[in-house]
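Any read-out appearing in this document is the output of simple, stated calculations on the displayed coordinates, not a laboratory observation. Given the structure is predicted, the values throughout are model-derived calculations rather than measurements. Counting neighbours? That spans all protein chains shown, and the Cβs are built from the backbone with ideal geometry, glycine included.
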Amino acid sequence: MIRTATAGDVPAIVAMIRELAVYEKAEHEVRATEEHIHRALFGDRPAAYAHIAETDGAVEGFALWFLNFSTWQGVHGIHLEDLYVRPEARGRGHGKALLAELARICAERGYGRLEWSVLNWNTPSIDFYEALGAVPMREWTGYRLTGDALDRLAVTQTAQMAQVSQTAQTAQAARPAGAAEAVG
């Protein structure tokens, strides 16, 4: 059964995020805590949404997603951040059911696309997605800023904005009295 996640699912979601990270050989990169995920999914302004695959009350998988926007289509879409089914539950249709639920949401709300990324070595997932009719976006290359690079760019932008503000203040101070009134 597929259902919308509840606050009570947060511990299971965090556990599965860690399981997914182990599978993707990136466990050391996980920083998310239950508090982070709870706030992201159920805070005052949710940043993401999640659906759960369960059998007889046992959580067996999840899809965590957020809205994106296509300027070309002029409508929202869904970006699937994580799709994970526990190893012992694979082959039971949970992954397809989770994706089908997101596709249903797209259709119901008039969204233009459902998209996600997959590691290039993850051939079981690639084969699964392609069997569903998904196509790789080979002409696009993803980029990401994190850590020091993100901080450097933020500091650069802050410094540039301060310089622009100072230049504007200097120009205004240098303007002769009454110059603004003479325009017209």
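Subtract the Cα-Cα distance of E34 and I126 from 0.36 nm times their separation in residues, and report this length gain in nm to one decimal.
Taking 0.36 nm per residue and subtracting the Cα distance, the gain is 30.2 nm.
Distance between the C-alpha centers of region 46-69 and region 78-100? Whole Å please. Their Cα centres are 9 Å away from one another.
Can you sort M137, M16 so the residue with the fewest Cβ neighbours within 10 Å comes first?
On the way: M137 10, M16 21.
Listed from fewest to most nearby Cβ atoms, that is M137, M16.
Between R152 and R104, the FRET efficiency from the beta-carbon distance, with R0 = 41 Å, is close to 0.45. Helices in the chain, meaning DSSP H runs of at least 4 residues, each add -39500 (n - 2.57). Divided by all residues, the mean residue ellipticity at 222 nm is -14000 deg cm²/dmol.
Select one label from (i) 0.93; (ii) 0.97; (iii) 1.16: the one whose number is Rg/Rh (Cα atoms, Kirkwood Rh) as derived from the coordinates shown. Derived directly from the coordinates: (iii).
Under a Cβ-Cβ cut-off of 11 Å, what is the net charge of the residues other than V59 that fall near it, where Lys and Arg count +1 and Asp and Glu count -1? My count for the surroundings of V59 gives -2. By the beta-carbon count within 10 Å of each Cβ, the least crowded to most crowded order of R138, R39, R152, fewest first, is R138, R152, R39. Compared with the dominant Cα axis of the chain, that is its longest principal axis, helix 10-23 is turned about 90°. As I understand it, the value is the acute angle between the Cα axis of helix 147-174 and the longest principal axis of the Cα atoms of the chain; what does it come to in degrees, rounded to 10? Result, in degrees: 20. Annotation for region 31-72: chymotrypsin sites (Phe, Trp or Tyr not before Pro) lying in DSSP loop with at most 12 further Cβ atoms inside 10 Å of their Cβ are W72.
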